[in-house]
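What follows draws every value from the coordinates through simple rules; no lab data is involved. What you are looking at is a predicted structure, and each value in this text was computed from that prediction instead of being measured. In this analysis, Cβ positions are derived from the backbone assuming ideal geometry, glycine residues included, and neighbour counts consider all displayed protein chains.
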Amino acid sequence: MTAVAARPEVRSAARGGSWVVYRCELAKLVRQVKVQAAAILCLLAPFLFVSALNVQSNTPQDTLFGRWVHDSGFSIPLVVLGFAGQWALPALTSVVAGDIFSCEDRYGTWKTILTRSRSRSQVFVGKALAAMTYSIAMTALVAVSSLAAGVLLVGRQPLIGLSGTLLQPGHCVVLVLVAWATVLPPVLAFTALGLLLSVASRNSALGVGGPVVIGLALQLASLVNAPEVVRMLLPTTPFGAWHGLFTDPPFHGPLAQGAVVSAVYFVLFVGGAHALLRRRDITEG
């Protein structure tokens, strides 16, 4: 009878193990200087960007909405999104994902962690969820900050869409927020890549820098006349799929395709990282 009564408690403890690890990792992240610095940068950078634009007459000509940065504040978050998808978002996600496992190797704390009634899978899930939470939070912070910077420092003027349609302010707010939401799948895919490199390399420099270098290399590959099918399968391509939202009628095909591609990479990277961690010999140096 005692053994039977204990089983629900054991199962409950097993389910709660990942949640405990997740909460502990979040508490650690909030106290880290690099996370606090990243949050401040995400909050202030769009305002500094708009302030710099306001003191010059030139406009960013290498982005589709760059010509409207002095005419509509809603162009600002779209210009920021265009630049962020090229290198900033992969770099931002890797700050935590690329270090969250390798830091345990650096400090030699794996044995301590894995002897606290937490399985490797529970530790992995908790840490991975914490890294994903950070990535989503930072992306949302940049989105809201860039929208606020545009509205407050430029104005709420209507925006001309990619088909020449005049988009009213209320519609612009919705489209801008949806556009930023569409980059969450590739953001999570790059977060998973950071997790994989963090586990596989056991080196924070490679875990943090790897996704940035890979992201830039893939961006260059998409610009040098790579076949269309290759560009479609690159994890960086979904970062630009939001442009279809600003056509009339909207073009949602690239969004769906990008979400599927990102999901495949996410599963492969997370699955690989988990498999490597489960086979890890923690008795190694």
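Some values worked out for this structure:
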| read-out | value |
| --- | --- |
| Helix-derived mean residue ellipticity, 222 nm - over the chain, DSSP H n ≥ 4, -39500 (n - 2.57), to 500 | -23000 deg cm²/dmol |
| Relative contact order [Cα under 8 Å, 6+ residues apart], the stretch 22-168, whole percent | 41 percent |
| For Leu167, residues with placed amide H under 5 Å, excluding near neighbours | Leu159, Ile160, Gly161 |
| Pairwise label distance in nanometres, Gln257 with Val230, each label 7 Å out on the Cα-Cβ vector | 1.6 nm |
| Under the span-like rule (Cα at least 30 Å along the axis, Kyte-Doolittle mean at least 0.0), DSSP H helices of the chain | 2-31, 33-54, 120-153, 253-279 |
| Charge dipole (the chain, unit charges on Cβ, about Cα centre) - positive-most of Val142, Gly240, Val80 | Val142 |
| Spin-label model distance (nm) - Leu162 vs Leu48, 7 Å beyond Cα toward Cβ | 3.0 nm |
| Trypsin sites (Lys or Arg not before Pro) within the stretch 116-204: DSSP coil, no more than 16 neighbouring Cβ in 10 Å | Arg116, Arg156 |
